[in-house]
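The values are calculated or read from the model by the stated rules, or taken from the named source; none is laboratory data. What you are looking at is a predicted structure, and each value in this text was computed from that prediction instead of being measured. Please note: Cβ atoms are built from the backbone with ideal geometry, for glycine as well, and neighbour counts cover all protein chains shown. Accessible surface is based on the protein model in full, side chains and every heavy atom, while ligands, DNA and RNA are left aside. Shrake-Rupley method; radii C 1.70, N 1.55, O 1.52, S 1.80 Å.
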Amino acid sequence: MTKPAPKDWILGIHAYVPGKSAADDGRPLIKLSANENPLGTSKAVREAFVAATADMATYPDPAAEKLRAAIGAVHGLDPDRIIYGTGSDELLHIAASAYAGPGDEILYVRYGFAVYDIAARRVGATPVIAPDKDYATDVDALLAAVTDRTKVVFLANPNNPTGTMTSREEIARLHAGLRPDILFVLDQAYAEYLEEGEDDGGLELAKTASNILVTRTFSKIYGLAAERIGWGYGSPEVIDILHRIRAPFNVTTAGQAAAIAAIGDSEWVAFSRTHNARWRDWLASEVAALSNHGLRAVPSKTNFLLILFDGKLTAEAAMKGLWDEGYATRWLPGQGLPNGLRITIGTKAQNRAVAAKLRAMAEAA
C-alpha cells in the first residue's frame, strides 16, 4: 500500500450536488434551485447579525443557551432537549453516526432527501429505499422494509424533492409500527411553510417518545441559508448522545444572534408563508394548464414545486431553456427523477417569467 486507503463504503458515496447558480457556460443565473427564501431575511435579523459581528475574536457560546431558550419559547419545548447544528444536515449526519454502522440499515423513502444516502454510507451502514406512492411517502412500504438490521429511519415531512406531505395520523402510525430501538428522524425543514392545522405532530410525539429526533432549519423560511443553522428536539437520552459527537462551537456568534431574531420575527415568517402559498398555487395552476403537453406539478406543501415532464418537452430541455431566460432550476436525474425539475417559488416577477417560458417551450416542442 503506497497511500492512505479510504474505507470501502466511502467510495460508494456520490458527493452532494448543490443547486446550480450558473449555466454550464458560466453565466450567472437567478437561483430557483436551492429552495432559499426569495424575499431574503428581515431587517431585524440583518441588524442582529451585524451587531453580533463586533466581537469576532471570541468563540461563540458553545451551549447556544439563548438560541435554545428562544426556540423553546416559540415551540413550547424544553431547551435542555434542543440541539443545534451546522444546518440540520449536521444533525442528520450525527444521528446516523450515533446509531448505525457497518452491518446496520438506514431506511428512507424513494425520492427522499439526498443527504440520507450520504449519511448512511458515510458510517458504513446500508441504505434501504422503500417504494413511494405517487411520489409521496407510503407508510406501509416503509414498515414492510424494516428488518432486524434497521437502526435509523429518515423521513422528510414535507418531503424534499417532491414537496408531498404525510398526515399527522400517518406519522403517528409509522412511529407506532417501528421498534423502540429504531431512531425515527423526522426532518421538518419546510414545516414553517405549513398552514395552521397542517402540522404532522412530530414535536408533540417527541415530547414523550424515546426514539424520535425532529430536525428543523433556519435556512428556508427564515432566510438564513448562508449561516447554516439547524436545530433538533428529542428525548434527553438521544440529545445527550448527539451532543457527544456534534462539532464544538458549531453555530457562530452572529449566526446565533440572527437565528434568535429570526425565530422571534413572526410577522416576517407569516409574510413569507403567505407570499409562498399564493405563488406556489398560482404556478401550480399554470403548470396544470399545460397538462395537455405532458406537464404535471406534484402537490406541494413546501416552497418549491416538482414539475414532471412526460410529453415532448423534456425536463433537461426545460432546464436549459430556463437558463436562457436567466433562471437556475434543479434537474434530478441523480435522484431517479430524470423527468423532474424542482423549481423554487420565487418573487412575483420570477414566477411569471418561469411560467411564461415553460408555456412557450411546451407549445413549441
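Taking amide H as placed 1.01 Å from N in the peptide plane, D187 has its amide H under 5 Å from the amide H of L155, A156, N157, T215, each at least 5 places away in sequence or on another chain. Gyration tensor over the Cα atoms of the stretch 300-365: the corresponding equivalent ellipsoid has semi-axes (square roots of 5 times the eigenvalues, largest first) of 17, 16, 10 Å. Straight-line cross-link reach from K320 at under 24 Å between alpha-carbon atoms covers these lysines, not counting any fewer than eight positions away in the same chain: K20, K31, K312, K348, K357. Local charge for S97 was computed over the other residues whose Cβ lies under 14 Å away, with Lys and Arg +1 and Asp and Glu -1, and equals +3. Converting phi to 3J(HN,Hα) with the Karplus coefficients 6.51, -1.76 and 1.60 and the offset θ = phi - 60°, the stretch 306-312 yields 8, 9, 9, 10, 10, x, 5 Hz in sequence order, with x at every glycine or proline.
Ranked by the mean number of other Cβ atoms within 10 Å per residue, highest first, peptides 330-342, 169-181 order as 330-342, 169-181. How much accessible area per residue does the chain have, counting only protein heavy atoms and a probe of 1.4 Å, in square angstrom? I get 43 Å² per residue for the chain. Over the stretch 179-332, Cα pairs under 8 Å with separation of 6+ residues give a relative contact order of 17 percent.
Across the stretch 114-206, Cα pairs under 8 Å and at least six residues apart give a relative contact order of 27 percent.
Taking every DSSP helix (H) stretch of at least 4 residues in the chain, weighting each as -39,500 (n - 2.57) and dividing the sum by the residue count yields a mean residue ellipticity at 222 nm of -12000 deg cm²/dmol.
Net charge in the neighbourhood of E36 (other residues with Cβ under 14 Å of its Cβ; Lys, Arg +1, Asp, Glu -1) is +4. The stretch 22-98 and the stretch 187-234 have Cα centres lying 13 Å from one another. The portion of the accessible surface of the stretch 106-232 made up by carbon and sulfur, rounded to a whole percent, is 50 (1.4 Å probe; DNA, RNA and ligands excluded). Which of [x] 135; [y] 160; [z] 123 is the computed volume of the Cα convex hull per residue in Å³ for the structure on display? Identified label for the calculated read-out: [y]. 3J(HN,Hα) along the stretch 10-22, derived from phi through the Karplus expression 6.51 cos²θ - 1.76 cosθ + 1.60 where θ = phi - 60°, amounts to 5, 5, x, 8, 9, 4, 4, 9, x, x, 5, 10, 8 Hz, with x in place of Gly and Pro. Please label the shape of the stretch 8-94 as rounded, prolate or oblate, based on the square roots a ≥ b ≥ c of the eigenvalues of the alpha-carbon gyration tensor (a/c under 1.5 means rounded; beyond that, a/b larger than b/c means prolate, else oblate). It is oblate, given that a/c is not under 1.5 and a/b is not larger than b/c. About the centre of its Cα atoms, the stretch 28-75 shows a dipole size close to 180 debye [charges on the beta carbon of Lys, Arg (+1) and Asp, Glu (-1) only; nearest 20 debye]. Loop-located GluC sites (Glu not before Pro) across the stretch 179-261 with a Cβ neighbour count of 16 or fewer within 10 Å are E195, E196, E198, with loop assigned by DSSP.
Using a cutoff of 8 angstrom between alpha carbon atoms and counting only pairs six or more residues apart, the relative contact order for the stretch 64-161 works out to 27 percent.
The modelled label-to-label distance between I13 and A63, using points 7 Å beyond Cα along the C-beta direction, is 3.2 nm. Of K43/K207; K7/K133; K207/K301, which ones are farther than 29 Å apart at the Cα? In this structure, K43/K207; K7/K133 lie more than 29 Å apart at Cα. As an exercise, use a Förster radius of 22 Å and the Cβ-Cβ distance of H243 and T147 to find the FRET efficiency, rounded to the nearest 0.05. In this case the efficiency is close to 0.15. The solvent-accessible area of Y111, taken with every protein chain present and a 1.4 Å probe, is close to 40 Å². Principal axis extents of the C-alpha atoms in the stretch 172-319 (largest first, rounded to whole Å): 54, 41, 31. Based on the alpha-carbon gyration tensor of the stretch 63-140 and its eigenvalue square roots a ≥ b ≥ c, which shape applies: rounded if a/c is under 1.5, prolate if not and a/b is larger than b/c, or oblate? Oblate, since a/c reaches 1.5 and b/c is not below a/b. The solvent-accessible area of D148, taken with every protein chain present and a 1.4 Å probe, is close to 140 Å². Estimated from the Cβ-Cβ distance and a Förster radius of 56 angstrom, the FRET efficiency linking D55 and K320 is about 0.75.
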